[in-house]
């Protein structure tokens, strides 16, 4: 599933961006599989250059965490963290 997402900068200003988060659902031999990938650095405490950006992280990380919890509830199974560098 691809769509436009919204993120907040350090000042709290909202920005719209294509492919901010991607959800892929596929049929596996043991059942359905769902993968979530993020394509921006605002979710983590550091930007892609390694510089801290606590305000951007504070504005965005709770929203991503809430969305992942909601997805776990919807699917009825806990998430399994994947490769943190897969999208780099």
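Observations on the structure shown:
- Total residues in region 1-32, condition surrounded by fewer than 13 Cβ atoms within 10 Å (Cβ to Cβ), touching a strand residue (DSSP E or B) at 6+ places or on another chain (Cβ under 9 Å) and within 30 Å of residue 77 (Cβ to Cβ): 11
- Being farther than 14 Å from residue 8 by Cβ, at pLDDT below 95, in a loop (DSSP other than H, G, I, E, B) and in contact with a strand residue (DSSP E or B) (Cβ under 6 Å, 6 or more places away or on another chain) is a property that does not hold for residue 82.
- Residue 33 being out of contact with any helix residue (DSSP H, G or I) (no Cβ under 7 Å at 6 or more places or on another chain), on the phi < 0 side of the Ramachandran plot and modelled with pLDDT under 90: yes
- Residue match in region 37-56 (condition: surrounded by fewer than 12 Cβ atoms within 10 Å (Cβ to Cβ), modelled with pLDDT of 90 or more and within 13 Å of the chain's Cα centre (by Cα)): no
- The number of residues in region 18-40 being farther than 18 Å from residue 80 by Cα and in a strand (DSSP E or B) comes to 1.
- The set of residues from region 1-17 being under 23 Å from residue 51 (Cα atoms) and not in a loop (DSSP other than H, G, I, E, B) comprises 6, 7, 8, 14, 15, 16, 17.
- Residue match in region 41-63 (condition: without any contact (Cβ under 8 Å) to a residue 12 or more places away in the chain, in contact with a helix residue (DSSP H, G or I) (Cβ under 7 Å, 6 or more places away or on another chain) and either part of a loop (DSSP other than H, G, I, E, B) or more than 21 Å from residue 3 (Cβ to Cβ) (or both)): no
The values are calculated or read from the model by the stated rules, or taken from the named source; none is laboratory data. These figures come from a predicted structure and were not determined experimentally. Cβ coordinates were reconstructed from backbone atoms using ideal geometry, including for glycine residues, and neighbour counts include every protein chain displayed.
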